[in-house]
Amino acid sequence: MARILILGAGFAGLWAAIGAARKLDELQMPHAAEILVVDRNPYHNIRVRNYEIDLSEVALPLAHLLDPIGVQHRVAEVIAIDPIRQEAIVEMEHGRERLNYDRLVLTLGSELMRPAIPGLASHGFDVDSYAAAIRLHDHLSALGRLDPSPGRSTVVVAGAGLTGIEVATEMPRRLAQAGIDDPHIILLDRNPVIGAAMGDAARPVIDEALAALDVETRPGVEIAAVDSNGITLRSGEFIPALTLVWCAGMAASPLTAATGGERDRLGRLVVNEFMQAVGLKNVFAAGDAAVCKPDGVHPTVMSCQFARPMGRFAGHNVIADLFGQPMLPLHIDWYVTVLDLGAWGALYTTGWDRQVSTTGSAAKATKLAINHERIYPPLTGSRADLFAAAAPIVQAPPPLRKQPPA
């Protein structure tokens, strides 16, 4: 039996697995190939929600999603990939194992870049994974039990990209929940402006929201060291803070380098419109570990907006390729960004130049619908529902909503 090996069960990996099983079912060949998913966790993390207060539904057991469609899954750490031998080496509880494949779908995603700043690894927090989000949640909850101090009340968020802004704007509510009534949130970045990636049209909205939420902004600064009592900036200034949340920079899984394929500056494998890795035999890639130009002009960005359709098309095409069927090209002719801005609301932009479409409560309603509905797989356990959701099509942009759902 042929084996489709899918490495990673994030947004791209999960949908690649369901999409591949759907295509086998469509061909009426459900047992013609084994689909095997390998991930370090037994769950699919709704990663974009890791900054939120409520983390109760952001880790979805893979068994509930993959068992109904006959997809195998293992908990293991991917150690190496050998595209010549067509195998991956994984570390499981009982030791290492070599997994051969007939087709590989590499969906190992991205990871937070952690520079060698003294003390960052031992004293910093992040929201890069579900485990990290839980660690931050537990830490914030414990702050309320400490004696009042400037360090207890101060949270420094390093990195003013989209994740950093969402972490910072959600932090007032998170500290209030912990019983801290004098919060001091500082959002800092080495760039000379906050929210540089969002562009000129969106930045005034972000500035307004940050000011309304009393989030202090510190552009053009860098962290030199971190300890248990606070952070030291390159300027020598010391900021007392028991909480540093690192959100500065992402890169593709370093295992993309093991394939020898063409990569971009973020380490992402370059794929064609069918999600085939350029220059590699029998290797597909999708999500944050891959890059393509779905509109023929703009390279994909690291987000579930692209990971989900890339995964669906990769899953469909890997089966089509294996059995000599026509593959489908991925084409996406729209791009939006919906940025959560905490209790202030949200920001919805359209186009690659990120023109402001709507803000405040209306944009927040759309953001809530995305985070809690649109990006979720069906949770019914129904094979038919899962297959319907994995069809190789591109959804329309998220619709605007007039008010937050109850």
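To keep it simple, each residue is scored yes or no on (1) polar (S, T, N, Q); (2) touching a His at 6+ places or on another chain (Cβ under 8 Å); (3) without any contact (Cβ under 8 Å) to a residue 60 or more places away in the chain.
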position	(1), (2), (3)
A320	no, no, no
Y335	no, yes, yes
D340	no, no, no
S357	yes, no, yes
Problem set entry | Extreme residue, farthest from the chain's Cα centre (by Cα), among residues of the range 15-51 that are polar (S, T, N, Q) and open to solvent by 10 Å² or more (accessible area, probe 1.4 Å) | Q28
Exercise. Which residue, of Q325, Q305, is open to solvent by 10 Å² or more (accessible area, probe 1.4 Å), under 18 Å from the mean Cα position of the chain (by Cα) and touching a residue at least 12 places away in the same chain (Cβ under 8 Å)?
Worked result: Q305
Exercise. In the range 171-187, what residues are in contact with a strand residue (DSSP E or B) (Cβ under 8 Å, 6 or more places away or on another chain) and open to solvent by 10 Å² or more (accessible area, probe 1.4 Å)?
Worked result: P172, P183, H184
For this session: For L136, indicate whether it is open to solvent by less than 10 Å² (accessible area, probe 1.4 Å) and in contact with a strand residue (DSSP E or B) (Cβ under 8 Å, 6 or more places away or on another chain).
Result: yes
For this session: Could you tell me which residue of the range 281-295 is nearest to Y101 (Cα to Cα), considering only residues that are assigned to a helix (DSSP H, G or I) and either touching a Lys or Arg at 6+ places or on another chain (Cβ under 8 Å) or among the β-branched types (V, I, T) (or both)?
Result: A289
Exercise. Since A252 meets every condition but one in (1) in contact (Cβ under 8 Å) with a residue 40 or more places away in the chain; (2) among the hydrophobic types (A, V, I, L, M, F, W, C); (3) farther than 29 Å from R85 by Cα, which condition does it not meet?
Worked result: (3)
Problem set entry | Qualifying residues in the range 1-14 (those that are among the small types (G, A, S) and assigned to a helix (DSSP H, G or I)) - the one farthest from the chain's Cα centre (by Cα) | G13
For this session: Filter the range 329-350 down to residues that are out of contact with any strand residue (DSSP E or B) (no Cβ under 8 Å at 6 or more places or on another chain) and open to solvent by 20 Å² or more (accessible area, probe 1.4 Å), then give me how many there are.
Result: 5
For this session: Count, please, the residues in the range 106-123 that happen to be among the small types (G, A, S) and buried (at least 20 other Cβ atoms within 10 Å of the Cβ).
Result: 2
For this session: For the range 156-173, indicate whether the set of residues that are at pLDDT 95 or above, more than 24 Å from the chain's Cα centre (by Cα) and over 25 Å from S110 (Cβ atoms) is non-empty.
Result: no
Exercise. Only one residue in R103, R203 is within 30 Å of V278 (Cα to Cα), open to solvent by 10 Å² or more (accessible area, probe 1.4 Å) and over 21 Å from the mean Cα position of the chain (by Cα). Which one?
Worked result: R103
Exercise. Residues of the range 351-401 being among the small types (G, A, S), assigned to a loop (DSSP other than H, G, I, E, B) and either surrounded by fewer than 16 Cβ atoms within 10 Å (Cβ to Cβ) or on the phi > 0 side of the Ramachandran plot (or both), which ones?
Worked result: G351, G381, S382, A391, A396
Exercise. Is at least one residue of the range 52-64 polar (S, T, N, Q), open to solvent by 30 Å² or more (accessible area, probe 1.4 Å) and in contact with a Phe, Trp or Tyr (Cβ under 9 Å, 6 or more places away or on another chain)?
Worked result: no
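The values are calculated or read from the model by the stated rules, or taken from the named source; none is laboratory data. Because the structure is predicted, anything quoted here is derived from the model rather than measured. Counting neighbours? That spans all protein chains shown, and the Cβs are built from the backbone with ideal geometry, glycine included. Surface accessibility is based on the protein's heavy atoms, side chains included, excluding ligands, DNA and RNA. Shrake-Rupley method; radii C 1.70, N 1.55, O 1.52, S 1.80 Å.
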